[in-house]
Amino acid sequence: MYLLAIESSCDDTGAAIFKEDQLYANVVASQLVHQNYGGVVPELASRDHQRAILPTVKAALEQAQIQKTDLSAVAVTYGPGLAGSLLVGLSFAKALSLGLEIPLIGVNHMEGHIYSVFIEGEKPTFPFLCLTVSGGHSEIVLVEEGFKHTKLGKTRDDAAGEAYDKVAKLLGLGYPGGPLVDKLAASGNPTFFDFPRTYLPEYDFSFSGIKTAILYTLNKIPAAERDAFIQNHLADICASFQAAMVDMLERTVRKAVKETGVKRVAVVGGVSANRGLREKLEKSAAKYRYQTYIPPLRFCTDNAAMIGITAYFKHRAGFMSDLSLNAQPNLSV
Ligand code: KG4
Ligand code: ZN
C-alpha cells in the first residue's frame, strides 16, 4: 500500500510517500517570504501553503513514480501549529480521502518528530527518551511501545530554536537564525564569553535568560564601538552562546538517563541539526554509556516523511481518523 503524508503546520509545505515503512518520496517546499520579517507571519504562511500544496504533492507522486489513484491512505498533521497553515493541509487531505475513498490518518506533529528516528538509519528499541528541540518546542519525553508518551520536562519560556532565532536577530543575522549561528559558532571561541547556564528542577528548561545575558553584555559596550565589536566577534559570540545552549541540553539529557535508567536517547526537531549539539551528545553518550539516535539532517527540520512513518505505525495499530478531524493548534504529546 502507498501512503501519502502531508505536513503544513508552520512554514514548510511537505509531502512524502511511503510503501509500508519504506520512504519512496520526500518533498519539502520551504517558505522564503518570512525572511523579510524576521519570523513566521501566519497569514502569509497559510497563503503560501495554499500555493505550494498541489505542486508539492504532485512532485512527491512523480518522485515515487505513482499516480494518485495508487494511494491507499492519506496522513496529515492536525496539530500543534498555526491554525491557518494546519487547515490547508488538513482540508487537502480530507478532500483526497473523500475523493479517492481512502482512510485518513491524523498525526500529531510532535509525535511526528519523535518517530522521525524510525525513517532511516539505526532505530531505537522501546522504551527510549526523546529530546525534541524545535522552533516551537523543547521537551524530554519517555516513549514506550503503543504510543505511550510521558512528558518528563519542557521549556518554561523560549524553545531552543526560538532562542537561536532571537539571538540571531539580536546579532543582525537572517531568519531562521539557528543554522547561521551554528555555522558561525564553528569558527569561534566558545569560552570568549561565559554566558549563564540555567538548570531547573526535574527536566525543565529555560532559555530566555541567555538571550537577555547576551543583550546586557552587548549593551555594556559603548554604543560607538558596539557594531564593530559585534562584527569582529560574531563567531565568538555565537560559539559562546552555542556552548551554553548545548551544556544545558546535554546536562538535562544526562540527568534523565541517569534517573530513569533508560539508555537510549532520540534527539529530534530542527535544533537536532545543530553540529555543536550533535558533537556534545555523542561525547556525553560515550562517556556516560548511553546511545543516541539522531535522524539525518533532512528529517530534523519539518518534513512530511516523519508524519508518514508515524501514520504507518498508527495505521498498523488500527488507528484511523474520520472527516470530523479538526486542526488543533495547541495539541501536545
Ligand atoms: O522542527 P523545525 O523545523 O520547526 C518547528 O517545528 O519549530 O525547527 C525549526 C527551528 C528553527 O528555530 C531553526 O532556527 C532551528 O530549528 N534550527 C537550528 C539549526 N537548524 C534549524 N538551530 C540550531 N542549529 C541548527 N543547525
Ligand atoms: Zn516541527
Kindly evaluate Tyr24 against the criterion of being not aliphatic (A, V, I, L, M) and not in a helix (DSSP H, G or I). yes
Checked against (1) in contact with a strand residue (DSSP E or B) (Cβ under 8 Å, 6 or more places away or on another chain); (2) closer than 30 Å to Ala311 by Cβ; (3) away from ligand 1 (no atom under 15 Å from the Cβ), Thr198 satisfies every condition except (2)
For the range 40-55, pairs from a residue that is under 12 Å from Glu7 (Cα atoms) to a residue that is crowded, with 17+ Cβ neighbours inside 10 Å and among the aromatic types (Phe, Trp, Tyr), with Cβ under 6 Å and 6 or more apart or across chains, are Ile53/Phe92
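Okay, residues lined up against (1) among the polar types (S, T, N, Q); (2) closer than 21 Å to Asn26 by Cα; (3) surrounded by fewer than 21 Cβ atoms within 10 Å (Cβ to Cβ); (4) in contact with a Ser or Thr (Cβ under 9 Å, 6 or more places away or on another chain):
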site: Ala59; (1), (2), (3), (4): no, yes, yes, no
site: Gln65; (1), (2), (3), (4): yes, yes, yes, no
site: Ala73; (1), (2), (3), (4): no, yes, no, yes
site: Gly81; (1), (2), (3), (4): no, yes, no, yes
site: Ser85; (1), (2), (3), (4): yes, yes, no, yes
site: Leu98; (1), (2), (3), (4): no, no, yes, no
site: Ile105; (1), (2), (3), (4): no, yes, no, yes
site: Ser116; (1), (2), (3), (4): yes, yes, no, yes
site: Val141; (1), (2), (3), (4): no, no, no, yes
Margin query: Just to be sure before I move on: is Lys148 among the basic types (Lys, Arg) and free of Cβ contacts under 8 Å to residues at least 12 places away in the same chain in the structure I sent?
Written below: yes
Only unsatisfied item for Lys123, checking (1) surrounded by fewer than 18 Cβ atoms within 10 Å (Cβ to Cβ); (2) within 16 Å of ligand 1 (Cβ to nearest atom), is (2)
By residue number, the members of the range 168-189 that are of a type outside the set (Gly, Ala, Ser) and near ligand 1 (Cβ under 10 Å from one of its atoms) are Tyr175, Pro176, Pro179, Leu180, Val181, Asp182, Lys183
Scanning the range 181-211 residue by residue, those of a type in the set (Lys, Arg), modelled with pLDDT of 95 or more and not in a loop (DSSP other than H, G, I, E, B) turn out to be Lys183
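Looking for whichever is of a type in the set (Gly, Ala, Ser), modelled with pLDDT under 95 and crowded, with 18+ Cβ neighbours inside 10 Å here; the options are Gly135, Gly89. Which one fits?
Every option except Gly135 fails the conditions.
Collect the residues in the range 246-271 that are part of a helix (DSSP H, G or I) and near ligand 1 (Cβ under 8 Å from one of its atoms), keeping them in residue-number order.
Correct list: Gly270, Val271.
The values are calculated or read from the model by the stated rules, or taken from the named source; none is laboratory data. Source: prediction; values computed, not measured. Cβ atoms come from the backbone with ideal geometry, glycine included; neighbour counts cover every protein chain shown.
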